[in-house]
1. How large is the Rg to Rh ratio of region 317-423 when both quantities use alpha carbon positions and Rh follows Kirkwood?
2. When the Kirkwood hydrodynamic radius is evaluated over all pairs of different C-alpha atoms of region 240-291, what value in angstrom, to one decimal, is obtained?
3. Is region 259-384 rounded, prolate or oblate when judged by the Cα gyration tensor, a ≥ b ≥ c being the square roots of its eigenvalues, rounded requiring a/c under 1.5 and prolate requiring a/b larger than b/c?
4. Step by step: find N for region 52-167, compute 2.2 N^0.38 Å, then divide the Cα radius of gyration by it. What's the final number?
5. Restricting things to alpha carbons, find the Rg to Rh ratio for region 342-383 using the Kirkwood radius for Rh.
6. Strictly over 21 Å apart at the Cα level, which of Lys315/Lys406; Lys55/Lys82; Lys265/Lys352 would you flag in this model?
7. When N counts the residues of region 366-423, how does its alpha-carbon radius of gyration compare numerically with 2.2 N^0.38 Å, as a ratio?
8. For region 267-423, build the charge dipole from Cβ charges (+1 Lys, Arg; -1 Asp, Glu) around the Cα centre, then report which of Pro386, Ala397, His372 sits farthest towards its positive end.
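The values are calculated or read from the model by the stated rules, or taken from the named source; none is laboratory data. Because the structure is a prediction, the values reported are computed rather than measured. Every residue, glycine as well, gets a Cβ built from its backbone with ideal geometry; the counts of neighbours run over all protein chains shown. Calculation scope for accessible area: heavy atoms of the full protein, side chains included, ligands and nucleic acids excluded. Shrake-Rupley method; radii C 1.70, N 1.55, O 1.52, S 1.80 Å.
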Amino acid sequence: MRRDFIKCCTLAGLGLSIPRALCAASKENPAYEGPYYVVFNASGGWDTTYLMDPKGINEINRLYKEGDILTHGTHKFAPNAKHIQAGMSNEDFYKEFGSELLTLNGLDYSVNNHSPGARYMATGKLDSLAYPTFAALVAACKGPTCPISFLTFGNYSNTGNVVAMSRVPYPQSLQRIANADFVEGNPRSPYHDDFALDRIERALEEQNAARTSQIRLPRQERAQSMLYAAQVNSKALQRVTPFIPKSIPKERLSQQAEIALASFKAGVCVSANLSIGQFDSHANNDVDQMKLIPEFLAGIAYFIRRAEELKIRDKLVVIIQSEMGRTPDYNKGNGKDHWSVGSIMFIGPGIKGNRVLGATDDGQLHVPLNPHTLATDKAKGVRVRPEHIYHALRQFAGIVDHPFSKKFPLGLKEAEVLQSLWG
């Protein structure tokens, strides 16, 4: 049974602990009401010149020329509607979201290998394996007692041991987790009737209250805390059930979106790390990117639209990124190799949209950015790197002075802090 499994996990040192005082004070954690943070990862390295940083010169692209580049407000983007078979075109994406979108081009990834690049883009720290991703950090700071505070579907997902990592692969799995007191997650088949469950919960609460007054070794105290937290969180997770759709979408990102959004809406989750792969287009770059970019944009659009239906879009902070770009030239296999310059995009409340910051030159090389004016400045600018972005995100989320953030300093000089990035 589930409770036996939880007990085994506890004895093995696994699980989620919550402060003893909180365990004693509340039977069920209150719902987290936002903001909610979601990171979309184009895993493998997207070709930014086929999306938000178009070129059309120097044979960087083969599907369009410089004169074909389209605009929406301040955004410039590559035309691709004629080259895709499914998903969402750049044209439709910018028409729907361009007014809300903040883009930063010319981001210096500093490396062009997948593992360090993914780690750097997730944490803002290149030379450490200990740092948590931004999604994990913000979950630990804002909702450490949420049952599935940090939800991840892959890509680099280190937690820095400040919050538990949750993986829920399918919406059906979420149903079973949410209804753990029922056979196979079926609400019509409970393991116990309501009277028995109530007695069990009261007994556990009384038992926990008695134990918290005793002096215990840290390991014993942590084990008891995790066991009681598992029971508390089991009840809280039932709030997810009404928001799991009966009809499950087939697309990869859409399935991830349903799991994350149901968890957000139920108040049991703070952040989610969504990801699709196969962007590593060393061969047939144009074919692969024209398949994957539309799929990626369609998944983002699905997520935002469903958030609107669930009435939580105004609390949703969206980060759209990849761990590297693609080279400005093609290899012999019509592919593009790893490139250490790229872009990142944002949508959310408090983020001024219809803005494009930073740039790459005609050779797709980084152009320095003045951190005070946010204008390109080859003389006084800095190379904007992931630590610049993640320091700004910590400020935006209001966690820059949190003890967890201070535990993982980014080492950014004050003179290099990006000013008014969010508008």
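1. 1.01
2. 13.0 Å
3. Oblate shape, in that a/c is at least 1.5 and b/c is the bigger or equal ratio.
4. 1.39
5. Reported Rg/Rh (Cα atoms, Kirkwood Rh): 1.01.
6. Lys315/Lys406; Lys265/Lys352
7. Normalised Cα radius of gyration, region 366-423: 1.15.
8. So the residue we want is Ala397.
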